[in-house]
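Report on the structure given below.
Bear in mind that the values in this text are calculations on the coordinates, not laboratory data. Bear in mind that the values here come from a model prediction, so they are computed numbers and not experimental data. Note that we place each Cβ from the backbone using ideal geometry, even for glycine, and neighbour counts take in every protein chain shown.
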Amino acid sequence: MSLLITGIGELTTQDGDAPVLRRAAVVLEGERVSWIGPSADAPAADEAYDAGGRAGLPGWVDSHTHLVFAGDRTAEFEARMAGQEYAAGGIAVTVEATRAAGDYDLTRLLLARVAEAAAGGTTYLETKTGYGLDVGHEARSARIAAGVVDEVTFLGAHLVPEGADADAYTDLVAGPMLDAVRPHVRWADVFCETGAFSAEQSRRVLEACAAAGLGLRVHGNQLGPGAGVALAVELGAASVDHVNHLSDADVDGLAGTWSGSAAGGEPGTVATCLPACDLSTRQPFPPARRLLDAGVQIALASNCNPGTSYTSSMAFCVATAVLQMGLTVHEAVRAATYGGALALRRHTGDDADGRRAVGSLAVGHRADLQLLDAPSATHLAYRPGMPLVHAVWKAGRRVR
Ligand code: NIG
């Protein structure tokens, strides 16, 4: 079954050859894009849809979320808005509620959050464990997540559970817990921060996970300067996320990972910015402009979680990045689509084996597309907070 979408006033493809097309059309065939070009030249298809001059762009790629949880942290948010600082310890409240929830409820909650994200234009999603914090509950979170989302990350090293010895818990994460989650996850992450895991503990977990074949990501430099970015760079992590407090050496280190990639080398470490979290925790925004100017590839992600960022709105993140972080609309939209795909190493794909590229629109890529009730993507920042999503296709299937 093929679908021809005509009359797209402005199509942002993020494809190197033609990043923005006017009066464009796209053909979706099954789960892949099979044709892109001027509306006037469009081929016939089984069905047709007139976009009516609306803007089209790839679905959002949300490369950092924590969606497997139960419970509520409204009181903590209220206290924070009254002046209390965010501390990693709040995670324990969610751990208790998550452990108490049954599999059915946890799955139902996750499905509802993923549906909410899809309605907002998100078509490719990563989520993490990290609210189980013992072998059985981490494995359960990983298993449930693997049945629902595109990419699953093991975050047993999210917080040392109350009463546990930090080094003994680190050994548990790097040993039996890793073995238990391994069949369900592609990535591993650590919260490398004062109050969570030290640089040495983070390294131990990341090295064990890399040896088990997992790709690496790091929560780094969120609440203050620290070792997270340097560790991510040293261990060749696909991304380091938060990056609010960066030294010159951190920026140089990240830039160094990208110096060979223009010549066709492996991608470097993506700096993932989480502006909704920064607003909700009243942290300074990451120096995204400086990172881009230094040659670092950035991603924008929602960090949807009950503690620091209870939103999956990527449009809100894009608007904030433009209005508050000094990015152009094109840079912000790219970071929320192609940048997320780079951070998840899904920016390229193989048309033959079905592991298709996401985050950009080109022939053979996954048919993930959104149309806005607006003539251009600029309206995402020009009309912040407005419900602009008109229609969404995920892997060729209309989900809104
Ligand atoms: O990315 N920083 C660590 N983890 C989450 C917060 C989790 C929570 O507070 O529940 C984050 O912000």
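Near residue 144, within a Cβ-to-Cβ distance under 15 Å, what is the net charge of the other residues, with Lys and Arg +1 and Asp and Glu -1?
Counting the neighbours of residue 144, the net charge comes to 0.
Please report how far the C-alpha centroid of region 103-149 lies from that of region 353-384, rounded to the nearest whole angstrom.
Using only Cα atoms, the two centres lie 23 Å from each other.
Tell me which residues come under 5 Å, amide H to amide H, from residue 299 once H is placed; ignore anything under 5 positions away on its chain.
271, 272, 273
Compute the angle between helix 103-119 and the longest alpha-carbon principal axis of the chain, please, reported from 0 to 90 degrees and rounded to the nearest 10.
It is inclined by approximately 40 degrees.
Apply the a/c threshold of 1.5 to the C-alpha gyration tensor of region 156-307 and tell me whether it is rounded, prolate or oblate.
The shape class here is oblate.
Compute the angle between helix 199-211 and the longest alpha-carbon principal axis of the chain, please, reported from 0 to 90 degrees and rounded to the nearest 10.
For 199-211 against the chain, the angle is about 60 degrees.
If you fit an axis through the alpha-carbon atoms of helix 314-325 and take the longest principal axis of the Cα set of the chain, what angle between them do you get, 0 to 90°, nearest 10?
Around 80 degrees separate the two axes.
For the chain, compute the orientation-averaged projected area of the C-alpha convex hull (one quarter of its surface), in nm².
18.4
For residue 396, what is the net charge nearby, where nearby means another residue's Cβ is under 11 Å from its Cβ and Lys, Arg count +1, Asp, Glu -1?
Once all neighbours under 11 Å are counted, the net charge is +3.
Does region 241-370 come out rounded, prolate or oblate by the C-alpha gyration tensor, with a ≥ b ≥ c the root eigenvalues, rounded set by a/c under 1.5 and, if not, prolate when a/b is larger than b/c and oblate if not?
Oblate.
Once both labels are modelled 7 Å past Cα along the beta-carbon direction, what's the residue 266-residue 35 spacing in nm?
For the pair residue 266/residue 35, the computed spacing is 4.0 nm.
Quick one: if you stick a label point 7 Å off each Cα along the C-beta vector at residue 179 and residue 400, how many nm between them?
4.4
For every helix of n ≥ 4 consecutive DSSP H residues, a contribution of -39,500 (n - 2.57) applies; sum these over the chain, divide by its total residues, and give [θ] at 222 nm rounded to the nearest 500 deg cm²/dmol.
-9000 deg cm²/dmol, from helical runs alone.
How would 191, 77 line up from fewest to most surrounding beta-carbon atoms within 10 angstrom?
77, 191
Just how large is the dipole of the chain about the Cα centre, in debye to the nearest 20, putting +1 at every Lys and Arg Cβ and -1 at every Asp and Glu Cβ?
820
Around residue 217, what is the net charge, scoring Lys/Arg as +1 and Asp/Glu as -1 over all other residues with Cβ under 11 Å from its Cβ?
Taking every Cβ under 11 Å from that of residue 217, the sum is -1.
In nm, what is the difference between 0.36 nm times the number of residues separating residue 348 and residue 383 and their Cα-Cα distance?
Taking 0.36 nm per residue and subtracting the Cα distance, the gain is 9.4 nm.
Determine the gain in length on full extension of the stretch residue 104-residue 293; use 0.36 nm per residue of separation and subtract their C-alpha separation, reporting nm with one decimal.
63.4 nm
Put a dot 7 Å past each Cα toward the Cβ at residue 328 and residue 373; how far apart are the dots in nm?
2.9
Between residue 200 and residue 1, 0.36 nm times their residue separation minus their Cα-Cα distance comes to what?
The span from residue 200 to residue 1 would gain 66.3 nm if fully extended.
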